[in-house]
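The values are calculated or read from the model by the stated rules, or taken from the named source; none is laboratory data. As the structure is a prediction and not an experimental result, all values here were calculated from the model. Neighbour counts run over all protein chains shown; Cβ positions are idealised from the backbone, glycine included.
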Amino acid sequence: MFARWPRRSLPLAAVLLVGGCGGSSSTSTSSSSTAPEAGAALAADAKSAATGDIPDNQAFLTLDAPRARISIVYPEGWSVQESAASVSIKEKNNVVRIALARGAAPTIAGVQAQLEALVRSTPGLTAGRAQAVSLKAGPAVRAAYTTQSAPNPVTGKQVTLTVDRYVLAHAGRVAIVDEGTPVGVDNVDAYKRMIESFRWR
């Protein structure tokens, strides 16, 4: 997933302000009373059915999230959950989470420091180097990390998730966008389309 894009990072303060969420194919939108901890790592669900590649002919819809005040395209049929602080779009273990908060523009050093903190606090998490990137929504910091799910209660197997993290800022607001997919699944093109479609509202 993240081998094709350069990596980068954001300021730690900015990263710590942001949280995450999930989604659905009928584009059903629901509210959540609590947002995930800011900057928390994505993790797969070992009890979830296997996830396959997003097909080349996949149809996409546009999500205008009025509470979160952002918009993004996403694969038709994925579930959607939205609150004022986060948006989550997913299909099994394909997960895109956007966490939103007030804060300053991210820095590479800040994002790298936050990832290093996640490595220390999250068993099985490994992280790459943060790098600056340019998106259609503006400058951002990108980094990649991997996490392991809790063991499946029946088989004991774990799912390894690879995640591309992008941190963006605009007008005093910060967004952390985590795009996660199981190892062996190819979502590069679809996820690139999603992050390039991100817009502030």
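If only one of Asp64, Asp53 is in contact (Cβ under 8 Å) with a residue 60 or more places away in the chain, acidic (Asp, Glu) and in a loop (DSSP other than H, G, I, E, B), which one is it? Even if it seems obvious, please write down each step before you answer.
Values: Asp64 fails: in a loop (DSSP other than H, G, I, E, B).
Criteria check complete, one pass: Asp53.
Looking only at residues in the range 170-185 that are more than 14 Å from Glu91 (Cα to Cα) and over 12 Å from the mean Cα position of the chain (by Cα), which one is surrounded by the fewest Cβ atoms within 10 Å (Cβ to Cβ)?
Ranking the qualifying residues of the range 170-185, first place goes to Ala171.
Could you tell me which of the residues Ala101, Ala109 is at pLDDT 95 or above and either under 21 Å from Glu196 (Cα atoms) or outside any strand (DSSP E or B) (or both)? Before the answer, list the steps.
On the way: Ala101 fails: at pLDDT 95 or above.
Among Ala101, Ala109, only Ala109 is at pLDDT 95 or above and either under 21 Å from Glu196 (Cα atoms) or outside any strand (DSSP E or B) (or both).
Here are the criteria: (1) exposed (fewer than 12 other Cβ atoms within 10 Å of the Cβ); (2) at pLDDT below 50; (3) touching a Lys or Arg at 6+ places or on another chain (Cβ under 7 Å); (4) of a type outside the set (Val, Ile, Thr). Tell me which single one Gly23 does not satisfy.
(1)
Going by the structure shown, is Ala143 under 17 Å from the mean Cα position of the chain (by Cα), part of a strand (DSSP E or B), modelled with pLDDT of 95 or more and within 19 Å of Arg201 (Cα to Cα)? It would help to see each step written out before you state the result.
Values: under 17 Å from the mean Cα position of the chain (by Cα): yes; part of a strand (DSSP E or B): yes; modelled with pLDDT of 95 or more: yes; within 19 Å of Arg201 (Cα to Cα): no.
Answer is no for this residue.
Can you tell me which condition Ala105 does not meet? The list is (1) buried (at least 19 other Cβ atoms within 10 Å of the Cβ); (2) small (Gly, Ala, Ser); (3) in contact with a His (Cβ under 9 Å, 6 or more places away or on another chain), and all the others hold.
Going through the list (1) buried (at least 19 other Cβ atoms within 10 Å of the Cβ); (2) small (Gly, Ala, Ser); (3) in contact with a His (Cβ under 9 Å, 6 or more places away or on another chain), Ala105 breaks only (1).
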